[in-house]
1. Going by accessible area, probe 1.4 Å, with all protein chains left in place, what is the ranking of LYS189, LYS181, LYS98, largest first?
2. Return the Rg/Rh value of the range 89-205, two decimal places, where both radii are evaluated on C-alpha atoms and Rh is the Kirkwood radius.
3. State the extension gain, in nm to one decimal, for the chain segment bounded by LYS38 and GLU71, taking 0.36 nm per residue of separation less the distance between their alpha-carbons.
4. When the Debye formula is applied to the Cα atoms of the range 134-202, each taken as the same point scatterer, what base-10 log of I(q)/I(0) results at q = 0.11, 0.18, 0.29 Å⁻¹?
5. Please compute the length gained on full extension between LEU122 and ILE171, using 0.36 nm multiplied by the number of residues separating them and subtracting their Cα-Cα distance.
6. Compute the Cα gyration tensor for the range 86-143, then decide on rounded, prolate or oblate, letting a ≥ b ≥ c be the square roots of its eigenvalues: rounded whenever a/c is under 1.5, prolate when a/b is larger than b/c in the other cases, and oblate in all that remain.
7. Which of the residue pairs LYS128/LYS181; LYS38/LYS128; LYS95/LYS147; LYS38/LYS95 have a Cα-Cα distance greater than 22 Å in the structure shown?
8. Please list, by residue number, everything in the range 110-143 whose backbone N is under 16 Å from a paramagnetic label point 7 Å out along Cα→Cβ of ILE94.
Amino acid sequence: MELDELKGAWAQYDKKLAANLKFNEELLRKMNLNNSRKELQKPLINELLSVAAMFIVIIYVVASSIRFINEPRYCIPGFISAIIGLTFLVFAIIKVNKFLDIDYYGSSVVKLQKDITILNRLILKLRKYELVLFPLLILPLLPILFKAIHNIDIYQNIKLFSIEIILVLGIGFPLTLWVNKHLYDKKFKNAEHFLQEIDKFESEE
């Protein structure tokens with residue numbers, strides 16, 4: 001094989017190698033972007049379910065409070081719990097909007113990392129308020145629910161009232177912490193890991 005032919009063969013090989021590397025880079029980028037997006041789907045779905053559940057609870061509690069409007073010991077706590085529930089609803093809507101605002105395929109990796117970090121910080125911030133407000137939601141909610149659903153005056157049975165509060169808070173707080181750890185913290189960490197792999201690959205080129 002003559003020298004020119006050898007150079008031509010090597011040029012063709014280099015071109016195919018470059019094209020193959022480019023293809024692998026795009027494939028890795030797409031796979032990791034998909035994986036990053038997939039990791040944050042479960043927290044997003046959880047927030048969407050929270051929006052739906054809290055909306056239903058608020059409607060029911062407001063309707064029940066209106067039903068017992070002539071009994072202040074039921075309707076006042078009912079309206080208070082509805083207002084606090086509305087705060088939870090607003091928080092969930094804010095988080096859903098932030099999740100949906102993330103552009104996985106039209107943004108640079110650096111911007112994606114920044115957007116996900118901002119979202120994570122927002123969730124951590126709202127989580128603190130939610131943990132503080134959770135008991136304030138449950139305490140006034142129980143009397144109206146027991147009256148509306150079971151026609152039970154929970155004020156006449158302080159023991160039952162206390163047991164229900166302990167059960168709800170005793171289960172609610174650990175469950176909330178578990179969900180935050182496994183459905184949020186872990187998923188955000190995984191999503192950021194996939195983006196870091198892309199960033200590392202691109203920096204090594």
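1. Numbers: LYS189 150, LYS181 125, LYS98 95 Å².
Reading off the accessible areas and sorting them downward yields LYS189, LYS181, LYS98.
2. On the way: Rg = 20.6 Å, Rh = 17.3 Å.
Result for the range 89-205 is an Rg/Rh of 1.19.
3. My answer for the length gained is 7.0 nm.
4. -0.47, -0.75, -1.18
5. Values: separation 49, 0.36 × 49 = 17.64 nm, distance 2.49 nm.
Once the chain is fully extended between LEU122 and ILE171, it gains 15.1 nm.
6. In terms of gyration-tensor shape, prolate.
7. On the way: LYS128/LYS181 14 Å; LYS38/LYS128 26 Å; LYS95/LYS147 33 Å; LYS38/LYS95 17 Å.
Among LYS128/LYS181; LYS38/LYS128; LYS95/LYS147; LYS38/LYS95, the Cα-Cα distance tops 22 Å for LYS38/LYS128; LYS95/LYS147.
8. 118-134
The values are calculated or read from the model by the stated rules, or taken from the named source; none is laboratory data. None of the values given here were measured: they were computed from a predicted structure. Note that we place each Cβ from the backbone using ideal geometry, even for glycine, and neighbour counts take in every protein chain shown. Remember, those area values only see protein heavy atoms, side chains included, never the ligands or the DNA or RNA. Shrake-Rupley method; radii C 1.70, N 1.55, O 1.52, S 1.80 Å.
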